[in-house]
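**Student:** One structure coming up, written as structure tokens, with questions to follow.
The values are calculated or read from the model by the stated rules, or taken from the named source; none is laboratory data. Quantities reported herein were computed from a predicted structural model and do not represent experimental measurements. Here Cβ is always computed from backbone atoms with ideal geometry, including for glycine, and neighbour counts include all displayed protein chains. Note: areas computed on protein heavy atoms with side chains; ligands, DNA, RNA excluded. Shrake-Rupley method; radii C 1.70, N 1.55, O 1.52, S 1.80 Å.
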Amino acid sequence: MNIKLVAIGKTDNKALQTLIDDYQKRLSFYIKFDLEIIPDIKNVKNLSEAQQKEKEGELILAKLSPTDQLILLDENGKNFSSVGFSEELQKKMNSGIKTLVFVIGGPYGFSQEVHSKAQGKISLSAMTFSHQMVRLFFIEQLYRAFTILRNEPYHHQ
């Protein structure tokens, strides 16, 4: 299985980007992982919230192939412990999914079209984090999940 994380806007914090790069490198020992960045939409000041979600949604959907399974990172999604998330990933891998795509939406969330294509939603926390930090947290949790599945000493119960 391949895992892809799609996010809108580049990470402009060098310290965060260094950590993201580190966890991406670690993750590569377990699975094929891609981080795809959709450039920020230009002239958002001239767009309504709904228009911005629509434009972002079109760009997100353009990154998907018909066989991809789409999971939204959404504050209203299902909560998992780290162990629970690793078990969910194992189920997905066992089901024969070719590519599992996780998406971090823009500041206003996802368009209705993106919601309708999604096969699930996951919440990382009830708290709100910056989009840049969510990338780091999510990639670290992916890495943690694979170390849990392999009984490696990274995660402690």
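**Student:** Test Ser82 against the stated conditions and say whether it is open to solvent by less than 40 Å² (accessible area, probe 1.4 Å), polar (S, T, N, Q) and touching a His at 6+ places or on another chain (Cβ under 7 Å).
**Tutor:** Answer is yes for this residue.
**Student:** Within segment 1-27, which residues are surrounded by 13 or more Cβ atoms within 10 Å (Cβ to Cβ), farther than 15 Å from Gln141 by Cα and free of Cβ contacts under 8 Å to residues at least 60 places away in the same chain?
**Tutor:** Once the filter is applied, which keeps residues that are surrounded by 13 or more Cβ atoms within 10 Å (Cβ to Cβ), farther than 15 Å from Gln141 by Cα and free of Cβ contacts under 8 Å to residues at least 60 places away in the same chain, segment 1-27 yields only Gln17.
**Student:** Then there is this: Give me the pairs, please: first residue somewhere in segment 56-68 and more than 18 Å from Met93 (Cα to Cα) and in a loop (DSSP other than H, G, I, E, B), second residue anywhere and open to solvent by 40 Å² or more (accessible area, probe 1.4 Å) and not β-branched (Val, Ile, Thr), beta-carbon distance under 6 Å, and either six or more positions apart or on two chains.
**Tutor:** Lys63/Glu36
**Student:** Six or more apart or on different chains, Cβ under 8 Å: which pairs go from a residue in segment 73-85 that's within 15 Å of Thr128 (Cβ to Cβ) and touching a residue at least 12 places away in the same chain (Cβ under 8 Å) to one that's in a strand (DSSP E or B) and small (Gly, Ala, Ser)? Could you list them?
**Tutor:** As it stands, the answer is Leu73/Ser123; Asp74/Gly109; Asp74/Ser123; Glu75/Ser123; Asn76/Ser123; Gly77/Gly120; Gly77/Ser123; Asn79/Ser123, since those pairs meet every condition given.
**Student:** For segment 71-96, how many residues are under 16 Å from the mean Cα position of the chain (by Cα) and among the aliphatic types (A, V, I, L, M)?
**Tutor:** Looking only at that region, the number is 4.
**Student:** With the structure loaded, tell me whether Thr99 is out of contact with any Cys (no Cβ under 7 Å at 6 or more places or on another chain), of a type in the set (S, T, N, Q) and within 19 Å of Phe33 (Cα to Cα) or whether it fails that test.
**Tutor:** Yes; evaluated as a whole, the condition is true for this residue.
**Student:** Quick one: count up the residues across segment 42-55 that are hydrophobic (A, V, I, L, M, F, W, C) and assigned to a helix (DSSP H, G or I).
**Tutor:** 2
**Student:** Could you list, in sequence order, the residues of segment 102-157 that are open to solvent by less than 60 Å² (accessible area, probe 1.4 Å), among the small types (Gly, Ala, Ser) and not in a helix (DSSP H, G or I)?
**Tutor:** Of everything in segment 102-157, those that are open to solvent by less than 60 Å² (accessible area, probe 1.4 Å), among the small types (Gly, Ala, Ser) and not in a helix (DSSP H, G or I) turn out to be Gly105, Gly106, Gly109, Ser111, Ala118, Gly120, Ser123, Ser125, Ser130.
**Student:** Can you tell me which residue among Lys91, Lys78 is over 19 Å from Asp34 (Cα atoms), outside any helix (DSSP H, G or I) and at pLDDT 95 or above?
**Tutor:** Lys78
**Student:** For segment 48-67, give me the residue count where each residue is surrounded by 13 or more Cβ atoms within 10 Å (Cβ to Cβ) and among the hydrophobic types (A, V, I, L, M, F, W, C).
**Tutor:** Of the residues in segment 48-67, 4 are surrounded by 13 or more Cβ atoms within 10 Å (Cβ to Cβ) and among the hydrophobic types (A, V, I, L, M, F, W, C).
Yes/no matrix, rows are residues, columns are (1) within 16 Å of the chain's Cα centre (by Cα); (2) surrounded by fewer than 16 Cβ atoms within 10 Å (Cβ to Cβ); (3) modelled with pLDDT of 95 or more; (4) over 16 Å from Gly9 (Cα atoms):
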{"site": "Phe29", "(1), (2), (3), (4)": "no, yes, yes, yes"}
{"site": "Asp40", "(1), (2), (3), (4)": "no, yes, no, no"}
{"site": "Asn46", "(1), (2), (3), (4)": "no, yes, no, yes"}
{"site": "Gln69", "(1), (2), (3), (4)": "yes, no, yes, yes"}
{"site": "Thr99", "(1), (2), (3), (4)": "yes, no, yes, yes"}
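**Student:** Determine whether segment 137-146 contains at least one residue that is of a type in the set (Ser, Thr, Tyr) and out of contact with any Leu (no Cβ under 7 Å at 6 or more places or on another chain).
**Tutor:** No, there is no match, as no residue in segment 137-146 is of a type in the set (Ser, Thr, Tyr) and out of contact with any Leu (no Cβ under 7 Å at 6 or more places or on another chain).
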